[in-house]
Every structure is written in structure tokens, then in C-alpha cells.
1. Rounded to a whole number of µm²/s, how large is the Stokes-Einstein D of the stretch 76-183 at 20 °C and 1.002 mPa s, given Rh as the Kirkwood radius over C-alpha pairs?
2. Past 20 Å, Cα to Cα, is the threshold; run Lys213/Lys276; Lys16/Lys41; Lys87/Lys168; Lys213/Lys255; Lys146/Lys168 against it and keep the listed order.
3. Roughly speaking, what is the centre-to-centre gap between the stretch 161-193 and the stretch 116-132 when only Cα atoms are used, to the nearest Å?
4. For Cα pairs less than 8 Å apart in space and 6+ apart in sequence, what is the mean separation divided by the residue count of the stretch 16-73, i.e. the relative contact order in percent?
5. Sort 177-185, 95-103 for me by packing, meaning the mean count of neighbouring Cβ atoms within 10 Å per residue, highest on top.
6. Between Gln141, Gln27, Gln292, which gets the highest mean-square fluctuation from a Gaussian network model of the chain, Cα cutoff 10 Å?
7. Report relative contact order for the stretch 76-183 in percent, whole number only (criteria: Cα-Cα under 8 Å, sequence separation at least 6).
8. Each residue of the stretch 89-95 in order: what ³J(HN,Hα) in whole Hz does its phi give by Karplus 6.51 cos²θ - 1.76 cosθ + 1.60, θ = phi - 60°, with x for Gly and Pro?
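Just so it is clear, none of the values below were taken in a lab; they were calculated from the coordinates. Being a predicted model, the structure only gives us computed values, none of them experimental. Quick reminder, even Gly has a Cβ in these numbers, built from the backbone with ideal geometry, and neighbours come from all protein chains shown.
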Amino acid sequence: MGFPWATHLIVLCETKEKAMSLYAELQPYLRKRGLNLAKDKTKVTKLTNGFDFLGFTFRKFYKKNGSHKTIIKPSNETMKKARARIKEVFIQQTGNNVDALISKLLPVIRGYANHWKRVVSKKAFNNMDAYIFKLTVKFLQKLHPKKSWKWIKKKYFQPDKNGQSNDKWLVTNGRYQIIKMAWTSIIRHEKVLGYNSPYDAKLKEYFENRDIKSFNNNVDSRQKMAKLQNYKCPLCGNSIVDFSKGLERHHMIPKCQGGQDTYKNLKLVHISCHTKHHIDFPAKGPIPTTKQLAIAKKLRNRQRQGMFLEMEDPNFKNLIETIN
């Protein structure tokens, strides 16, 4: 097995003797590729003792009936780094208002929650939520040193405005709130079944469903936009969950013309489609009609299929003008 870009790897063996001999076997294989095993970072250990790898702790536990289960969870070291990163946000926002704190803190919370949600993380989520709450209380007390706790509680702590929980101790600025990691669902990684291949046309639906599950590792707003548009780019009609292209938000009514940041006005589109769309329909120009958008979508798909009719072509412009 090759590891062309790997800087870390795990080798699983049945016995300690096999593991020790494998070290010598790997050396010539790696040396040919200009790689070496770092002795200070290489060790042989039992899975029942556990080991840390890329921020996660792997350990096998035996039950009384003789069966066993391997548990993967965030390592103590990565938890320590997460606390340090969150504390850094609070320190950087000292003296600023709650709006600034929420805007900087939410991406950090979502990032760690999405990174950890594939493993056994509920306990880690609860610990991080408790730590964030502790720092939040200190932040608010420093922000209003002359105000009582009763006043602070009444001004900043509100019930969950999104209905995700019954929590009544969420810091909010009226529009946004500090979310809880514990709200993140644990979603286990699913292996590809048998010899299934994405190149098998008969399995198109199977791999589309896998792509959707993988895409749901995104932030909540992107998940909701994708679901509302059936996981398709509205500008070209192709999938947005196959990770083949970058994505960004598109305002159906541009902000410069009064468009709002609402789900009704927002679409998740391919960056390339977004760029082409605004070449043909500038943000400050007339808002395209449904027919114009349909023609543009058809022409983009023809371009993908090798029928290179450029959007700048006068034929396209004339076609748009005839619909007006």
C-alpha cells in the first residue's frame, strides 16, 4: 500500500513480533520514496492501551462477556488546544460588545463540533459547552463591572430562539446566539459497501446519497440551503454535494438592489456558475427573469458537454433580448 502524501500512518498487526519486524520491512520501502520513519514519533503499542493519532484517541475496550469495542474520541491534547483557541477568542474580544464576541466565537464552535461529530464526542461536547459558559460569564462581568448578575442575566441570557433545545441560558444579541456543541448530532462514517464504484452508472443514486451525508458535515445554514434546493446548483442544475467545485452564496435579488440575507433570497451555487451568472446579469443591472435563467442554465450545460457557445456570444445576448 502506498502513502504518497502521508506524514502520519498506522500499521495494524496481529502480534507484537510482527509489528517489530515490520519496522525493518518499511524502512527500504520508504527510503526509495525519500521518506523515513521518525524514531521519536514511532511506537509499538497494544490497542487496549490506546494511542493518539491526528487529534483522536483510539482504544479497544473488552466487555465482561468477552466481546470488544474500539472507541475513537477527541484526544486530551486536541481538547486542550480547543480550549486554548476558544479562550484566545474571549481575550481578543475583551472590551468589545457581545455582537463582536458572537461573530468570532460561532465559527470556532461550529468548526470543532463538525470536526469531532464523526466519533464518540458527546462527553467532549458537554465539557466544551461548560467551559464556554464559564468564560462567557466572566466576559459579561468584565463588560459590565458595575451591574448585578441579575441585570446581566436579564439582558443577555434568553431561551433558544431556534427551537433546537429547551436551554434558557443562551447568550444572544437579539439576532444571533452562542450555540451549544451538544446540539450537534453524532454521524458515524459509513464505509463503501463491497466492490461498489462511483464509476458504475447503476450506483449513481447510492453515491449521491453518500455525498449528501458527507455534505451534512457543513454548517447549518449551508445544509438548510442545500436541502431547500434539492442539493442542486440552481444556476446549472448539477450537484453541489460531490465536492467537485467550490461553493458560495448567491443573492437572487442582489443586496445592492435591496435583497436580504434570507433563505428565500439565498441560494448555494458553484463559484464558477456564480461568476458566469454575474457576467451575464450584472448585480446592478435588471434582475433576470425565470426564462432568462432557464436559457442561461441550458447554455452552461451545453458548454460542459463540449458545445462551447460562449456566454459573450452575440447569439446569446440576442436570445436574452428577445425574451425581455
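1. Taking Rh from Cα pairs, D becomes 149 µm²/s.
2. Lys213/Lys276; Lys87/Lys168; Lys213/Lys255; Lys146/Lys168
3. 11
4. For the stretch 16-73, the relative contact order is 20 percent.
5. 177-185, 95-103
6. Taking springs between Cα atoms under 10 Å, the residue moving most is Gln27.
7. 30
8. Going residue by residue, I get 4, 5, 5, 5, 9, 4, x Hz, with x marking Gly and Pro.
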